[in-house]
Amino acid sequence: MFKRLSLLFPLLLLTGFVLTSARPASADDDPPGRVARLNYMQGSVSFQANGEGEWTQANVNRPLTTGDNLWSDKDSRGEFHVGSTAFRMSSETGISILNLDDRTVQIQLAQGTLDVHIWHFEGGDAWEIDTPNLAFSMLRPGEYRVDVDADGNTTVVTVREGESQVTGGGSQFHLDTGDRTRFTGTDTLSSDEGQAGPPDEFDQWCQSRDFREEHSESAQYVSRDINGYNDLDDYGTWREFPEYGRVWVPTGVAVGWAPYRFGHWVFIAPWGWTWIEDEPWGFAPFHYGRWAVYGGVWGWVPGPVVVRPVYAPALVAFVGGPHFSLSLSIGGGGGVAWFPLGPREVYVPGYRCSPRYVQNVNITNTIVERTTVVNVYNNVNVEHIRYMHQSNEAAVTAVSHDTFVNARPVGRDFVHVKPEQLRDAEVAHSVNAEPGEHSYVGASAHASVRPPERVMQREVVAKLPPPAQRPAYQSRAVGTPDENARPGFRSFSPPGKGPQGQPQQPPPGQPNARGPQNQPIQPPRGQPQVQQPPHPQPQVHEPPVRYAPHPQANENTYNPHKFEKPPAPPKKEPEKKPGRGNQTQL
C-alpha cells in the first residue's frame with residue numbers, strides 16, 4: 001500500500017579519523033568483507049575505477065567496491081551481484097557505488113533503469129538507491145525496479161514484491177508489494193500512485209536470470225553469498241575428492257593450467273594486490289575457498305556453507321627470500337612468485353586488518369582450527385611451515401617485477417620455476433612491490449563509449465551519508481590514507497564550498513550527493529558533504545545502521561578441532577523466492 005509519511009529527519013554528520021601505523025589494527029581498520037562483481041554483459045558496458053579519470057571496457061572478474069562506476073550504453077545490459085543480491089542495468093544506465101561495506105549497499109542511479117532482487121536480508125542491513133530527486137530504501141527481500149528519465153527530473157519506483165520507503169522533497173513515502181509510483185520534482189516531490197503492470201521485455205530478461213540462479217547446482221555445495229557461484233555450473237563439474245568431499249573441477253582449461261596463472265594483478269584499495277582471473281568463471285574460486293590436486297587434477301575446495309563468506313583479494317602465498325634464484329631466470333630486477341593455498345592452510349593478509357578479521361577470512365573459506373590461524377598470524381617468519389603446493393613446480397607461478405606491477409597478462413609472461421629453485425625458497429604472506437601508474441586499472445582496453453558528462457555529474461538525494469572516499473592508492477606498509485592519497489583522486493562531494501571556503505566542483509565523471517534541498521553542511525576535511533534536510537524533518541524508524549564487522553562462526557556452524565569429509569547433500573528442489581536457502585548464519 002502506498003502511504004505518505006510525515007518527516008522528521010535527524011541531521012547526519014560525519015567525523016573522520018586517520019589510520020596510523022603507531023597503533024595496533026582494530027576492527028575499525030578492517031576492509032569490507034564483501035565486494036560487488038559484474039558477472040554479465042550484453043553489448044557495451046564501461047567501467048571507471050575509484051580515483052581514475054579514464055573509462056575502460058568492463059571486466060567481469062574485477063571486484064567492484066566503493067567509488068567505482070559503471071555505464072551500460074544504448075542497447076546494452078549489465079548484471080552485477082553483491083553476494084546473493086542481483087542488480088541489473090538496462091540500456092543507457094549509469095551507476096556509482098557510493099558505499100559498499102559489511103552492512104550497507106548504497107548505489108547512485110544517475111540515469112536509466114536498475115532492477116534489484118534481494119534474496120536474503122539480515123537485520124541491520126541497509127540497501128539504498130539514490131537518484132537525482134529521491135532516496136529509495138529497500139526494507140526486506142523482494143524485487144524492486146527504479147527508472148530515472150534522461151533529464152533526471154522523474155523517478156519511477158516499482159515494487160513487485162517487498163517493502164520500501166522513498167525520501168525526498170521534504171516527504172517520505174511507504175511502498176508495498178504491487179505499488180508503482182512516479183515521483184517528479186526535486187525541492188518538492190509530486191507523486192502519481194498506481195499499480196505495477198505486466199512485465200515488459202526487460203523484466204522478462206531479469207526473470208530469466210533469476211530462474212538460472214534458482215536452479216543452480218552449485219548452490220547445493222556453496223553459499224549463495226559467494227559472488228560467481230552460479231558460473232561454476234557451466235564451466236566444470238562437482239566431484240568427490242577423498243578427504244575434501246565435493247570439489248569443483250574446471251573443464252576445458254589450457255595445458256599447463258594452474259590456479260592464479262592465467263590473469264593479472266591489479267592494486268585495489270584497501271586490500272592492495274588483487275588477482276583478476278581470465279576465465280569467465282574465474283571469480284569465486286580465486287577469492288574464496290582453497291585449491292587441491294587429486295590424481296593430477298586441480299579442484300576447488302569451497303569452505304563451510306555460511307551466509308556471508310569473507311572476500312579475499314587472492315588466496316595465495318608468495319615465494320622469495322635471499323636463497324631464491326628467480327632473478328637468474330627472469331633477468332635484472334628480479335621477479336615475483338606465488339602458489340595457491342591448499343585446504344586448511346592459513347591466509348595472512350598483507351594489508352592492515354584486525355586479528356578477528358584474519359580469523360573470519362580463514363574460517364569462512366576453509367576448515368581450519370582457530371589456534372592454527374592465531375599461531376600463523378602471530379608468527380612473522382613462516383618458513384618452517386610446509387605448504388601443500390610450496391614445492392610443486394606445476395603450482396608455482398613466477399613473473400618479472402614489471403609484469404606484476406603493470407597488470408600484464410601473467411599467462412603470456414610467466415617463467416617456469418625449477419625444483420632446485422624452490423628447495424631453499426622462503427614463503428611470505430605479502431609481496432614487496434609498490435604499485436605504479438598502470439597498477440590500478442589493469443589490462444582492460446579504453447572504453448569505446450562513456451556516459452555523458454552531465455549524467456555522471458548529477459547530484460543525488462542520499463538518506464544515508466556516503467563515507468569518506470578511500471584513496472585509490474594506499475600503501476600497505478604505512479596504511480595511512482591521507483599520506484598516500486594518489487594525486488587527483490575524487491571524492492563524493494557535491495558542488496559547494498570546499499574545506500578552505502573556495503568553490504569546489506567535482507571532476508568529470510564524479511557523482512554527487514546532496515540532501516533533499518541541496519543545502520550544504522560544512523564537513524570535516526576529507527569527508528563527503530551531507531546536506532541539511534528541510535523542515536519538518538523525517539523520523540527514521542529503522543534501527544541505526546553501522547558498519548559492523550563480519551560476525552564470527554560459532555560452535556553451531558563450525559568445529560575447528562575436527563575435520564570430517566562432508567557428505568554429499570541430497571538432491572532437492574530449488575527453494576522459492578524470495579528466500580535463498582537455509583544457510584547458516586555466522
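Could you count how many residues in segment 235-267 are under 23 Å from residue 317 (Cα atoms) and assigned to a strand (DSSP E or B)?
Residues meeting the conditions: 9.
Taking segment 362-415 as the search range and keeping residues that are under 26 Å from residue 309 (Cβ atoms), part of a helix (DSSP H, G or I) and among the hydrophobic types (A, V, I, L, M, F, W, C), which one is nearest to the chain's Cα centre (by Cα)?
363
Answer yes if at least one residue in segment 91-99 is modelled with pLDDT of 95 or more, buried (at least 21 other Cβ atoms within 10 Å of the Cβ) and over 19 Å from the mean Cα position of the chain (by Cα), and no otherwise.
yes
Please enumerate the residues belonging to segment 55-81 that are within 17 Å of the chain's Cα centre (by Cα) and without any contact (Cβ under 8 Å) to a residue 40 or more places away in the chain.
Scanning segment 55-81 gives 64, 68, 70.
Suppose we keep only residues that are modelled with pLDDT of 90 or more and among the small types (Gly, Ala, Ser) within segment 396-429. Which one would you say is surrounded by the fewest Cβ atoms within 10 Å (Cβ to Cβ)?
Result: 411.
Kindly list the number of the only condition in (1) touching a Phe, Trp or Tyr at 6+ places or on another chain (Cβ under 7 Å); (2) more than 21 Å from residue 368 (Cβ to Cβ); (3) not polar (S, T, N, Q) that fails for residue 294.
Every condition holds for residue 294 apart from (2).
Of all residues in segment 210-261, which are of a type in the set (D, E, K, R) and either surrounded by 19 or more Cβ atoms within 10 Å (Cβ to Cβ) or touching a Phe, Trp or Tyr at 6+ places or on another chain (Cβ under 6 Å) (or both)?
Answer for segment 210-261, where residues must be of a type in the set (D, E, K, R) and either surrounded by 19 or more Cβ atoms within 10 Å (Cβ to Cβ) or touching a Phe, Trp or Tyr at 6+ places or on another chain (Cβ under 6 Å) (or both): 213, 224, 225, 231, 246, 261.
Exactly one of these conditions fails for residue 346: (1) part of a loop (DSSP other than H, G, I, E, B); (2) without any contact (Cβ under 8 Å) to a residue 60 or more places away in the chain; (3) of a type in the set (A, V, I, L, M); (4) out of contact with any helix residue (DSSP H, G or I) (no Cβ under 6 Å at 6 or more places or on another chain). Give me its number.
Result: residue 346 passes all but (4).
The values are calculated or read from the model by the stated rules, or taken from the named source; none is laboratory data. Bear in mind the structure is a predicted one, so any value in this text is a computation, not a measurement. Ideal geometry is used to build each Cβ from the backbone, glycine not excepted, and the neighbour counts take in all protein chains shown.
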